[in-house]
Amino acid sequence: MRYRLLATSGLAACLALTAAACSSSPSSPSASSPATTAPASASSGATTASDFGPGCAAVPKTGAGSFTGMSTAPVATAASANPVLSTLVTAVKKAGLVDTLNSASGITVFAPDNAAFAKIPAATLSKVLADKAELTKILTYHVAAGRYTPSQLAAGTPLKTLEGATVTPALMGGTYEVNSADVVCGNVQTANATVYIINTVLTPPSS
C-alpha cells in the first residue's frame, strides 16, 4: 500500500532545503512561457480569475486565510491561516520547516489538504509525524524551485523537487494532477510561492 511507504521509505538528508538552495535552483518561468489560464469551467469558489478548482470553495472568503490574505504572506504563514491545510501546517512545524519555507524565494508547493492526510492510516501518520527526518523527506518532495503556471503543469514536464526526486504534473480531462493526485484548488498565490492544493499526500521514491 502506498501509504505504508510513508513510514518505511529510507531516511534522506533533506536539510538542503534552504533559501539559498531555492534561489540557486531553476528560475521562475520566463516571459516566453505559456500564459497562465485557468479553465473557466473549473472556477468554483475562487475569488480571483487565476485561482481555480472545486476545493477553492472551502477557502475563507475574507481574512488572512482568504486568497487576498494569503497573497500578502509567505507560504508557511499563509497556509497556517487556511483551515483546509491545518494538518499540513502541523507537519511543517514538526519538521522545523516554517522559517525555511517562508524565506525561500520563488517556489511551487503542492499542498495536501486535510482530506489527503485523512486517507493515511492514523498509526502510520502518527509514526511519520514523529520521525523528523522522514517527515522532512516527504514534505520537501512537495516543493519545487520556481513558480509554475497551470499551463506549464499541463505540459507534463517532470519537476525536480527540493527532496531531490521529481514529480510529474499533467492535465487529464480538464483536471490538473501531480503524480495522479488531483489539484483541488490551484494557482493560489502567496508572497513567495505558487500553491496547488492536492487531495493526496505524495510519496517520495524509496532510496
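The values are calculated or read from the model by the stated rules, or taken from the named source; none is laboratory data. Note that this is a predicted model, so its numbers are computed, not measured. Virtual Cβ from ideal backbone geometry, glycine too; neighbours counted across all protein chains shown. Calculation scope for accessible area: heavy atoms of the full protein, side chains included, ligands and nucleic acids excluded. Shrake-Rupley method; radii C 1.70, N 1.55, O 1.52, S 1.80 Å.
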message = Being charged (D, E, K, R) and assigned to a strand (DSSP E or B) is the filter here; which residues of the range 143-194 pass it?
response = 160, 177, 182
message = Tally up the residues in the range 158-207 that are within 21 Å of residue 106 (Cα to Cα), open to solvent by 30 Å² or more (accessible area, probe 1.4 Å) and among the hydroxyl-bearing types (Ser, Thr, Tyr), please.
response = 2
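Quick one: how many residues across the range 195-207 are among the hydrophobic types (A, V, I, L, M, F, W, C) and assigned to a strand (DSSP E or B)?
3
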task = Starting from residues that are without any contact (Cβ under 8 Å) to a residue 24 or more places away in the chain and assigned to a helix (DSSP H, G or I), keep the ones in the range 63-81 and report whichever is least open to solvent (accessible area, probe 1.4 Å).
result = 69
task = Residue by residue through the range 82-122, note down the ones that are part of a loop (DSSP other than H, G, I, E, B), at pLDDT 95 or above and open to solvent by 20 Å² or more (accessible area, probe 1.4 Å).
result = 96, 113, 119, 121
key: Per-region count, the range 123-142, residues part of a loop (DSSP other than H, G, I, E, B), of a type outside the set (Gly, Ala, Ser) and open to solvent by 40 Å² or more (accessible area, probe 1.4 Å)   = 1
